[in-house]
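Q: I have a structure I would like to understand better, so I am pasting it below and will then ask my questions one at a time.
Each value in this text was obtained by applying a stated rule to the coordinates, not by laboratory testing. Only a predicted model underlies this, so the values are computations on that prediction, with no experimental measurement involved. A quick note on method: Cβ atoms are made from the backbone with ideal geometry, for glycine too, and the neighbour counts reach across all protein chains shown.
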Amino acid sequence: MLQRASLPPVQRMTTMGPFAPDGHDHLDAEQVAAFLDGGLSPADRLAAESHLAACAPCRAELAQVRALAASAPAPSRRRRLPVPVRGALAAAAVLAAVAIGLPLLTPSPDDPLLRADRQGEGVATIEPYTSNAGVVAAGNALFAWRPVAGNSSYRFTLTDEVGDVVLQEVTADTLLRLDTLRLPAGALYWRVDALLPDGQVATTRMQRIEVRD
Amino acid sequence: MTHPLPPELERLLSARGSTARERAWDALIAEWTPLLLHVARSVFHERDAAMDAYAAILEQLRQRDYHRLRQFSADGRSRFSTWLVVIAKRICVDVHRRRYGRVSRAESAAAPGAAAERTARVRLADLVGDSLDVDVAATEDDAEARLRRTELREHLSEAIAGLAPADRLLLALRFEDDVPVRDIAGMLGMPTPFHVYRALNRVLGLLRTHMEARGVTDPTP
């Protein structure tokens, strides 16, 4: 195992990158990467945040690197297998996530639920229950839907008006109460999806709600 | 937290002899070429230019006995993939600059950036003061109104300067750079966009309190 040398603190912000308004120091490559991966010490993070708050070029680089890293292909030895539309693998993964209590990440374009939904094939309907004409309380929102026969897990997704995912959870229940999270006031959209054992997809499709204080 | 080195990088940096080193280098490149091309294509849409940039990345990574790679291995604060994206992007930007020239200081300081900052301040002031209007493109020449607007901008700047660095960064990303909330969450390590919304609401509340403490209860000039 290679030995790692210790490094001086982040105050040594040297001008290594191409983002150099004259006379200004910027984050070096290691600092940018460490910031994104949560590897800076608290003191170094504070210094980096202070610099970033005042430096548009460094912020731009941070955003670009993050987007590139998130969309980059994995090295060949770690390339992910596509999730099968049918079979026990998908169902087992969902159930494992439910058991561990991990929320699913935002689905990739290859997600079988999204793919089937876009193609309109094999999409059954999950009937949502709405009350109060789609108005929910910010501190006590309740979502419910009719169960689908033969299904044991549902993916609940909450998005804002521009489509950003606010919350995503996998649950075995047909009821989800958000009483510990205070939702932002205004319009939000929710949907529930289920991947059935036979490969069919069921969904409520997008439902609009109005969150009020 | 120290991130482990990818095995192909460890093999390269510990390889003895030119043959072993070449083999290890080939193995490293084989694994990470897709990522490097991904970055090169993000800067150069034309294939030949992207391949030139890719070649430049490889050349720079090899220089001085893989100096940059050794620098990374000594750091350990990030994943290799993240660090490689940063390095590759910077090299591509340098290549782009050499090919097409650097944007002049006058060009970079021209209207788009300045106007964007002004727009950002107006939006931020709108959110803090509801219908606060600090639009500099004033049509009336009432001296008192102009003075009021100047005071409001100064109070807002003072309020922002008093925030913690993380809060100032959040405001800059959202209101100056117009970064989507989902991307802000990823950049700042927040679990969901909802956490970003909560943080923004808290920060705007702090600004509102600061303004009210300075007698700014009426947002109109």
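Q: Give the peptides B:14-21, B:162-169 in descending order of average Cβ contacts within 10 Å, highest first. Please report the intermediate quantities before stating the final value.
A: Numbers: B:14-21: 11.8, B:162-169: 17.5.
Ranking, from highest mean packing down: B:162-169, B:14-21.
Q: Another question about this same structure. Check which residues have an amide H placed less than 5 Å from residue A:129's amide H, if you skip close sequence neighbours.
A: The answer is A:144, A:145, A:146.
Q: Amide H to amide H under 5 Å from residue A:28: which residues, 5+ apart in sequence or cross-chain, H placed 1.01 Å off N in plane?
A: It is A:14, by chain and number.
Q: Hey, another quick one. Specify, per residue and in Å³, the volume enclosed by the convex hull of the alpha carbon atoms belonging to region B:1-62. Intermediate results must be reported in sequence, preceding the final value.
A: Working: hull volume 6.1 nm³, N = 62.
Enclosed volume per residue, from the Cα hull, is 99 Å³.
Q: Pop out the ³J(HN,Hα) list for region B:56-68 in order, Karplus 6.51 cos²θ - 1.76 cosθ + 1.60 with θ = phi - 60°, rounded to Hz; leave Gly and Pro as x.
A: Each residue's phi maps through the Karplus curve to give 5, 4, 4, 4, 6, 5, 7, 4, 6, 6, 6, 4, 5 Hz.
Q: Near the amide H of residue A:166, under 5 Å away, which other amide H atoms are found, from residues 5 or more places off or on another chain, if H is placed in the peptide plane?
A: Excluding prolines and chain starts, which carry no amide H, the hits are A:158, A:159, A:160.
Q: Other chains near A:47-59: what is the mean number of their Cβ atoms within 10 Å of each residue's Cβ? Walk me through the numbers on the way to the answer.
A: On the way: counts 1, 3, 8, 5, 2, 8, 14, 4, 2, 7, 1, 0, 7.
Average neighbour count from other chains, rounded to a whole number: 5.
Q: Which residue, B:32, B:18, B:91, has the largest displacement toward the positive end of the dipole of region B:1-106 when charges sit on each Cβ (Lys, Arg +1; Asp, Glu -1)?
A: B:91
Q: Return the average number of partner chain Cβ atoms within 10 angstrom of each residue Cβ along peptide B:159-166. Don't jump to the answer; show the numbers that get you there.
A: Working: counts 0, 1, 1, 0, 1, 4, 10, 7.
Neighbouring Cβ atoms belonging to other protein chains average 3 per residue here.
Q: Please turn the phi angles of region A:55-63 into ³J(HN,Hα) values with the Karplus equation 6.51 cos²θ - 1.76 cosθ + 1.60 (θ = phi - 60°), one per residue in order, whole Hz, x for glycine and proline.
A: The phi angles translate into 10, 4, x, 5, 5, 4, 4, 4, 5 Hz.
Q: Right, here's the next one. For region B:42-54, in order, what is each residue's ³J(HN,Hα) by Karplus, 6.51 cos²θ - 1.76 cosθ + 1.60 with θ = phi - 60°, in whole Hz (x at glycine and Pro)?
A: These are the phi-based 3J(HN,Hα) values: 6, 9, 10, 7, 7, 4, 4, 5, 5, 5, 4, 5, 4 Hz.
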